[in-house]
Amino acid sequence: MLSSFSTALDFSFHLGFFKRPRLCHSQEGSISKSGNKQYKGTFIAYNNPVPKENLLISHPPVAKQDSPPPMVNALKALAEQNVATFHFPGHNRGRAAPSSLTQLIGSRPFHHDLTGFPELGGLISPEGSILDAQRLAAKLFGSSETWFLVGGTTCGIQAAIMAACSPGEFLILPRNSHISAVSAMVLSGARPKYIIPQYDFDWHIAGGVTSSQAKQAIKELEMEGQKAAAVFVTSPTYHGICSNLTEICRLCHSHGIPVIVDEAHGAHLGFHPQLPNSALQQGADLAVQSTHKVLCSLTQSSMLHVSGNIVDRERICRCLQALQSTSPSSLLLASLDAARAQLSESPDTIFNKAMESAFEAKYLIKQIRGISVLDLASFSNFPAIDPLRLTIGFSQLGLSGYEADEILSRNHGIICELIGTRSLTFAINLGTTRDHIQRLILGIEHLGATSAPIQGNKGRVEHSGCTPFADININMTPRDAFFASKKKVSIGESLGKVCGELVCPYPPAIPAMIPGEVITEKALDYLLDVRSKGAAITGASDPSLCSIVVCDV
């Protein structure tokens, strides 16, 4: 089992946050914590040398499901009909599909690109197979109700915030929230009450939300005679940092405040004894998951889950009707149903191999000279980091994340998920193979061997002293700023003016300026600093930052 090996990896478990261990059907005794020793590329287990390439554990194939997923079954039946077709879409079940695309993906996806059939149902007042599929998803994920989304988690976050917040009401949220939360405030008219997250300068990474931060924000609003309409939390973050949602939900519910969780990176949580519990398992009222990120649906497909009755179900439906397409892609919807079915085949064991691969990769990479691996030591206020998210630092080698990515990509064919100024983040999932893990370890070993560690840990990557959250001063709500008259000024003229656009350096994908905030010298310094290190500026009309759009007030 994983227990002996994970102990050696110093993987922390916290009562009340992790599920009680369940029996897994992985092979036992493959790795022993007694006598483990890393020695010249050989891992010592049971005092017998085992080549590193034989370290990973294999698993028996997963048993096939008893019946096909309802959406998949309905699409298959419709595509096999011998009918004369006079309906949309215009490619007519692939007969007129562009040859440039069929040469790439074949014609079969077009055969199943069907909409508007009663057998399928729709997102507006769902019925038929989509209703059946959503009910099965709700049962698996433990929600009162689940809605399929074809506009990504962005659509779900917008709907959740619109359902919980009316114009003028306050939304408590971390300042490093996804930009969809900003657009949700524009749509809903909610006013932000920001929580400033912990920021680690060694990694250039922001953390999550603590219950004490949420408590302080609620208290500050109460002192102003206000009450929060909702609290919004991102957990896990892009780097896998998980907030203690159990404590946050208990606090918020004692004040009658619903908790919305951006769980885009956590659809897999709760499906392994060594993974944190999901947001719903910890008491969240609304959770939005990108089913395509770690689970296996098609890109752009997500789910919105609701639990309890603090947030009105009918209002959620109305918000989704306003945001979702009336002609959703049945392929996206069927992929959600198929991903749910895949997970439900063996929910207690499906992540065994991925977890073992992640633990072993982390253990071996931590042994490499000059390499750092992100762990809870950098974010001790939080209960866990998703073990399937691996963030590796190279500053002791004098390398930035951009330089390390260039070497790994060019020389080893290794593609990471996220490039940071000081690190790279790798996502391990159900499709991660033994070869992928071996190549990653060998690639990191090559970096360590060819880049001499800098004495005193002083690499070329220096602390700038700039944070993305310094001196926040809100002059207008995001909604008012969005609809205000605007003009473009030079960056030198923008100081002290009200920002009229969302300016977000990527990485670290944290908005440095949000519409309605006063542009400060520290914010400009931070933007120019991260841009000089290679970050791309998104959202801004001028990515070079020679000019900025401001509100003409």
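The values are calculated or read from the model by the stated rules, or taken from the named source; none is laboratory data. Bear in mind the structure is a predicted one, so any value in this text is a computation, not a measurement. Cβ: placed from backbone, ideal geometry, glycine included. Neighbour counts: every protein chain shown. Please note that ligands, DNA and RNA were not included when accessible areas were found on the heavy atoms of the full protein model with its side chains. Shrake-Rupley method; radii C 1.70, N 1.55, O 1.52, S 1.80 Å.
List of remarks:
- Test: residue in the range 172-185 that is at pLDDT 95 or above and more than 18 Å from the chain's Cα centre (by Cα): yes
- Flag if Glu445 is under 29 Å from Gln342 (Cα atoms), modelled with pLDDT of 95 or more and surrounded by fewer than 21 Cβ atoms within 10 Å (Cβ to Cβ): no
- Taken across the range 131-142, residues that are more than 27 Å from the chain's Cα centre (by Cα), buried (at least 16 other Cβ atoms within 10 Å of the Cβ) and without any contact (Cβ under 8 Å) to a residue 40 or more places away in the chain do not occur at all.
- In the range 56-83, the residues that are at pLDDT 90 or above and among the polar types (S, T, N, Q): Asn73, Gln81, Asn82
- Considered as a group, the residues in the range 302-316 that are part of a helix (DSSP H, G or I) and either without any contact (Cβ under 8 Å) to a residue 40 or more places away in the chain or among the β-branched types (Val, Ile, Thr) (or both) include one that is least open to solvent (accessible area, probe 1.4 Å), and that residue is Ile316.
- Look at the range 255-270: where a residue is in a loop (DSSP other than H, G, I, E, B) and a partner is of a type in the set (Phe, Trp, Tyr), sitting 6+ places away or on another chain with Cβ atoms under 8 Å, you get His265/Tyr238; His268/Phe351.
- Residue match in the range 200-207 (condition: of a type in the set (Gly, Ala, Ser) and either more than 15 Å from Pro383 (Cβ to Cβ) or open to solvent by 60 Å² or more (accessible area, probe 1.4 Å) (or both)): yes
- Val294 in a strand (DSSP E or B) and at pLDDT 95 or above: no
- Cβ separations smaller than 7 Å between residues 6+ apart or across chains give no pair from the range 417-441 residues that are more than 16 Å from Val530 (Cβ to Cβ) to residues that are of a type in the set (Gly, Ala, Ser) and open to solvent by 50 Å² or more (accessible area, probe 1.4 Å).
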